[in-house]
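The structure appears right after this line, and notes come after that.
The values are calculated or read from the model by the stated rules, or taken from the named source; none is laboratory data. Remember, it's a predicted structure, so these values are computed and weren't measured experimentally. Glycine also receives a Cβ, built like all others from the backbone with ideal geometry; neighbour counts cover every protein chain displayed. Keep in mind that these areas ignore ligands, DNA and RNA; they rest on the heavy atoms of the full protein, side chains included. Shrake-Rupley method; radii C 1.70, N 1.55, O 1.52, S 1.80 Å.
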Amino acid sequence: MSENLIYILITAILSLGIGIAVGRLLLQKVLSKYEAEAIEKSKLILKEAELKAESVKKDKQLEAKEHFLKLKAEFEEESNKKKNVILQNEQKIKQREQSASKMLEQNQRKEAELDSLRENLTAQLDILNKRKEDIEKVRLQQIAQLEKIATLTHEEAKTQLMETIKEEARSEASSYIKTITDEAKMTATKEAKKIVIETLQRTATEHAIENCVSVFNIESDDIKGKIIGREGRNIRALEAATGVEIIVDDTPEAIIISGFDPVRREVARLSLHRLVQDGRIHPARIEEVVAKTTKHIDDEIVEIGERTVLDLGIHGLHPELIKLVGRMRFRSSYGQNLLQHSREVAKLCATMAAELGLNAKVAKRAGLLHDIGKVYPEEPELPHALLGMELAKKYKESAEVCNAIGAHHDEIEMTGLISPIVQVCDAISGARPGARREVMEQYIKRLHDLETMALSFDGVTKCFAIQAGRELRIMVDAESVNDEKAGVLSFDIAQKIEKEMQYPGQIKVTVIREMRSVNYAK
């Protein structure tokens, strides 16, 4: 058993060794085959790579040649441009060198001429200095002789001469100042006149001249009895309800309504119209109709205000200010309807502000509201300009508008460019011929004050206010007032009128100096 086992082991070991040797041989053959195939494949890959590399190389060489040719062409083009610029610069430099050489030659010639002139001037100065010394000697001799003749010292004569020269200088300075003032007025007012004329031509509105009375027309005089009523109770009730005076006289088919407040007169007129149409005229009916008419007028005032601001293109106005604008329709100033005046001032302000390059909307707003203080229902102790400014501040108007309202009669200082425009346009609207009418007594008093003021100046002999007070013609004494003083006198009188008097428009002050020499042949 043991021998068989050993035999089997030996046989197995030998078989294993032979199998290993045979497997190694077979493996070597397979590996050598794979190696040969790999070598063949690598050779093929190398050949293909070499072919691709050759083609890529050729392509890159062609691209490089093309890029080189392109760069070469660009370089040659740039070089040609620079060469042309250099050539042009060289030509300019040559031209400048030529002109510089010419100028140098001219300067050299001028220097030579100047040298000769300098020599001549030096010689002439020497001669003049000698002559000056001779003249000084002669002057000193003449001064000494004059002192002997005039019995005056040199200092006394000098003082007297200086006084004479001062007087002449004052006279010449006055004439010179007058000339400069006239020239300044002509040049300064030229553009202003142009703007004002263009503004007036572009803004033309009619003026409503209203009186303190209204006329109510009736169909027959029989109605007058109904209006008066038994023992005048109807007319008394109507006057008490409206606050106006009803005048029933012999005027055919007309009843006069008198009152200073146009709103009250309008309420009375409309109430009479309704009562006459209705036919029932008694105190209770009168009170009812007047109450309805008053409410109707209030609504109409608001409508007039809204229509006015809409026509003028003004937006954002407070309702209370709109109501005050509507009340202007029933108010007049010197016979000029206040609403028409304010509308005209608004248009004038807008036009003038546009001409001057300012804000036309703000100017129009300030022009419409400048007299708003005149129609305030209450009666505070303030000028209408300051009252209007306070109302504008109360209803949140801009500071520029408030200042223009308050300063249009110089109650406060002007702080904006719109303020003088409103003042000027207010004067233009009020001073236009036919725009306003003054009470006769006030008109006569103003003319008398003008003449009295002019007569208070020294040298004035006569004074006449002509052209409805628009010109003051003054006669002066020719012996006490010379031509220079006449110009100063006219200026002083005009300044005093501006400071002390109230008047519409402007007043021309003309001073007339006449010299008369009278002799008699006997």
* Asked: Over all Cα pairs of region 292-353, how is the pair count split among 5 Å bins, expressed in % and running from 0 up to the last occupied bin?
  -> 4, 18, 25, 24, 18, 8, 2, 1, 0
* Ordered by packing density, taken as the mean number of other Cβ atoms within 10 Å over each peptide's residues, highest first, how do 320-329, 277-286 rank? -> 320-329, 277-286
* To do: Give me the percent of the accessible area of region 3-144 that comes from carbon and sulfur atoms, probe 1.4 Å, all protein chains in place.
  => 61 percent
* Would you mind checking which residues have amide H under 5 Å from Ser332's amide H? H placed 1.01 Å from N; only 5 or more apart, or other chain. => Leu338
* Structure fact -> Note, region 347-358: 3J(HN,Hα) by Karplus (6.51, -1.76, 1.60, θ = phi - 60°), whole Hz, Gly/Pro = x, goes 5, 4, 4, 4, 5, 5, 5, 5, 5, 8, x, 9
* Amide H contacts under 5 Å for Val509, placed H, 5+ residues apart -> Leu472
* Most to least accessible of Ser220, Ser271 (protein chains only, probe 1.4 Å) -> Ser220, Ser271
* **Arg109, Arg264, reordered so the largest accessible area comes first (probe 1.4 Å)** => Arg109, Arg264
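Can you bin region 281-320 into rounded, prolate or oblate? Criterion: square roots of the alpha carbon gyration tensor eigenvalues sorted a ≥ b ≥ c, rounded for a/c under 1.5, prolate for a/b above b/c, oblate for the rest.
In terms of gyration-tensor shape, prolate.
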* Where does each of Phe457, Phe216, Phe464 land when they are ordered by accessible area, with a 1.4 Å probe and the largest first? -> Phe464, Phe457, Phe216
* Give, to the nearest whole percent, the P(r) tail of region 226-302 beyond 16 angstrom, counting all Cα pairs. => 45 percent
* To do: May I ask you to evaluate 6.51 cos²θ - 1.76 cosθ + 1.60, the Karplus curve with θ = phi - 60°, for each residue of region 277-286 and list the ³J(HN,Hα) values in order in whole Hz, giving x for glycine and proline?
  => 5, 6, x, 8, 10, 8, x, 5, 5, 4
* To do: Please give the peptides 405-414, 488-497, 309-318 ranked by average Cβ packing (other Cβ atoms within 10 Å per residue), highest first, as a rough proxy for protection.
  => 405-414, 488-497, 309-318
* **Rg/Rh for region 447-516, where both radii come from Cα atoms and Rh is the Kirkwood radius** => 0.95
* To do: Would you kindly calculate the translational diffusion coefficient of region 1-127, applying Stokes-Einstein with the Kirkwood radius from alpha carbon pairs, for 37 °C and a viscosity of 0.692 mPa s, and quote it in µm² s⁻¹ without decimals?
  => 123 µm²/s
* **Carbon plus sulfur fraction of accessible area for region 257-296, probe 1.4 Å, in percent** => 52 percent
* Structure fact -> For region 317-379, dividing by residue count, accessible area per residue (probe 1.4 Å) in Å² works out to 36 Å²
* Structure fact -> Semi-axes (Å, rounded, descending) of the ellipsoid equivalent to region 275-381 per its C-alpha gyration tensor are 35, 13, 12
